[in-house]
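Report on the following structure.
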Amino acid sequence: MAQYVFQSPGRYIQGTGTLKRLGEETEKLAHNPLVISDEMVWSITGETVTDSFENTDIDFVYEEFNGEASENEIDRLTTSGQDNDVDIIIGVGGGKTLDTAKAIADNLKTRAIIVPTTASTDAPTSSLSVIYSDEGEFTGYRFYNRNPDLILIDSGIVVNAPLKLFAAGMSDAMATLVEARATLKRKGENMVDGQPTLASVAIAEKCEETLFNHGEAAYKAAAKGFVTPQVDSVIEANTLLSGLGFENGGLAAAHAIHNGFTSLSGDIHHLSHGEKVAYGTLVQLVLENSADDTMHKYIDFYQKIGMPTTLKDMHLEDTSYEDLVKVGELATDPGDTFSNLDDKITPEGVATAILAVNEISQETK
């Protein structure tokens, strides 16, 4: 019989100034944290994080994250956690920092607190990490038995991050319903070894609805550093709704194609996760034989928030067809999620759809 599975983090707190609560919230869960963050993020958040522990009995250990969610970096920071006898891991930063924090917590069998400083991916709430090589090539997923214990996201910090990251989070979130719908239709598995629940699909639908209704206004407000109701709605869509939606609803071709793009060299590696997922979503829509007005609706949204919709935008205008087939080969690997769309589509079919998106988008522009 079908098994329907839904899981989620223990607690989610969002709003302006919430980073000041990190110390008191940590004290409810543990007493000897390891905090990881990269140099740039720590220069922005370090003082507030440190001050938040001032009235607690906690002395945290800080380690700088080197920027890549690789097994070598995870092992290095796990060793630091062991040496310091930590009982909780706190990740402060972007998606790769947070994925690394979850991996360390799993290795050490401790709790985890996730503190996103951008709304650029839906990684924070999930019980999995995307793992890369030291050089940044996708190598696979790591799955865990539990979600983070706390997600704490400060809207005031998010709107002061680069605007492109906020837009990239919308692009990543826009894939949620597209992929969950495909997984449901296919009776495929979600990311927690079950079939999508009604709740997961409803969350994915609300995620997309929020983005189409408020995304452009939120983008314009965030560009000025304003936290408006639209901005808070989109932060929640990018982070909580998309996170619950993709994990419990399932991934399909959009993210698998993103992973395929990591096989290429060149300037594409300067693009964010969400930017590559945006193009992957459009490719999935082509492979699903979506109607013209559907294609134009998504393309128009992406273009309004500065996301890539052409091969030139992706820095792939000179890429050969043979290299696009290699993208398709990695995307359709049986170990990835492409089969939640269709396991009969070939690498050549993916390459052709990548080219087709470019033609449709150029006409729209």
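Taken together, the values in this text are just the output of simple stated rules run on the coordinates, not laboratory data. All figures in this text were calculated on a predicted structure; none of them were measured in a lab. Every residue, glycine among them, receives a Cβ derived from its backbone with ideal geometry; neighbour counts consider all protein chains shown.
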**Message:** Give me the percent relative contact order of the stretch 12-158, please, defined on Cα pairs under 8 angstrom at least 6 residues apart.
**Reply:** 29
**Asked** Per 5 Å bin from zero, what fraction in whole % of the C-alpha pairs of the stretch 218-365 is there, up to the bin with the longest pair?
**Response** 2, 9, 18, 21, 20, 16, 9, 4, 1, 0
**Request:** With 10 Å bins from zero, work out the P(r) of the stretch 12-158 over every alpha carbon pair and list the percent per bin.
**Result:** 13, 48, 34, 5, 0
**Item:** Semi-axis lengths (Å, descending) of the ellipsoid that matches the C-alpha gyration tensor of the stretch 191-244
**Value:** 26, 10, 7
**Prompt:** Roughly what % of DSSP beta bridges within the chain run antiparallel, to the nearest 5?
**Reply:** 20
**Message:** Looking at the calculated P(r) for the chain, what percent of the C-alpha pair distances fall above 41 Å?
**Reply:** 8
**Prompt:** Per-residue ellipticity at 222 nm for the chain, helices alone: DSSP H runs ≥ 4 residues times -39500 (n - 2.57), over residue total, nearest 500 deg cm²/dmol?
**Reply:** -16000 deg cm²/dmol
**Viscosity 0.890 mPa s, temperature 25 °C, Stokes-Einstein D of the stretch 76-209 from Kirkwood C-alpha radius, µm²/s** = 153
**Request:** State the three equivalent ellipsoid semi-axes of the stretch 1-98, derived from the C-alpha gyration tensor as the square roots of 5 times its eigenvalues, in descending order and whole Å.
**Result:** 23, 20, 15
**Message:** My understanding is that a pair violates if its Cα-Cα distance is over 19 Å; which of K276/K344; K206/K276; K164/K224; K187/K326 do that in this structure?
**Reply:** K276/K344; K206/K276; K187/K326
**Asked** Fully extended, how many nm does the chain gain between D300 and Y4 (0.36 nm per residue separation, minus their Cα-Cα distance)?
**Response** 103.1 nm
**Message:** Within 10 Å of each candidate Cβ there may be at most 12 other Cβ atoms; applying that plus a DSSP loop requirement, which GluC sites (Glu not before Pro) in the stretch 269-365 survive?
**Reply:** E317
**Asked** Say each of E359 and H315 gets a label point 7 Å from the Cα, pointing the same way as Cα to Cβ; how far apart are those two points in nm?
**Response** 2.7
**Extension gain, S263 back to F143 (0.36 nm per residue minus Cα-Cα distance, nm)** = 41.0 nm
